[in-house]
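Q: Here's a structure for you.
What follows is calculated from the coordinates using simple rules that are stated; it is not laboratory data. Just so we're clear, the structure is a prediction, and the values are computed from it rather than from any experiment. Note that each Cβ is placed from the backbone with ideal geometry, even for glycine, and that neighbours are counted across all protein chains shown.
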Amino acid sequence: MRPLSQEESEVLGALLGMVPSNAKPPSEDELFAVDLRDGGMGSIRLTDKSDRPRKMGSELVTAHYIDEDQIPAIISINLDQEGRLFEMDFWKVDFSPLKRYPMPEELKQGQPSAPSSGGRG
């Protein structure tokens, strides 16, 4: 367990800013990060100092951006079974390691749109 980095805090804040106020989870006094084994994509478990057992509940918000290597990356904030912040999950569409955390202004809410085939339908 470690403190959130400044980049993690900024991305988390930007993502929570996309959530309507009536759907925001309760705010935590102090959040910590636990790095997840995800092949270097950058996912973290969000926790406080309690040892209460927790499990994945639901997805709160999803956003995307283009990583430094031009590969789309998707970030989701997930809640636990009690509706508290649970994890910040990164996923690159080619499963490669994350090159860098996004700047908050790069985040676009939702999933990336599929590239058009350019063909006629």
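Q: Report, in deg cm²/dmol and to the nearest 500, the calculated mean residue ellipticity at 222 nm for the chain, where each DSSP H run with n ≥ 4 adds -39500 (n - 2.57) and the sum is divided by the residue count.
A: -3000 deg cm²/dmol
Q: So how far apart, in nm, are the two label points at Met56 and Asp69 if each is 7 Å from Cα heading toward Cβ?
A: Between Met56 and Asp69, the label points sit 2.3 nm apart.
Q: Starting from the Cα-Cα distance between Met1 and Asp29, subtract it from 0.36 nm times their residue separation and give me the gain in nm to one decimal.
A: Separation in residues times 0.36 nm, less the Cα-Cα distance, equals 8.5 nm.
Q: Between helix 6-16 and the chain, what is the angle of the helix's C-alpha long axis to the longest principal axis, kept within 0 to 90° and rounded to the nearest 10?
A: Roughly 80 degrees, rounded to the nearest 10.
Q: Over the chain, with a Gaussian network built from C-alpha contacts below 10 Å, which listed residue (Ser21, Ser96, Ser58) shows the highest mean-square fluctuation?
A: Ser21
Q: Test of understanding: ordering Val11, Val19 by Cβ neighbours within 10 Å, fewest first, what list do you get?
A: Val19, Val11
Q: Moving on. What is the fewest-to-most order of Asp67, Asp35, Asp29 by other Cβ atoms lying within 10 Å of their Cβ?
A: Working: Asp67 23, Asp35 12, Asp29 6.
Fewest-to-most ranking of Asp67, Asp35, Asp29: Asp29, Asp35, Asp67.
Q: If you rank Glu87, Glu105 by fewest surrounding Cβ atoms within 10 Å, what's the result?
A: Going from sparsest to densest Cβ surroundings: Glu105, Glu87.
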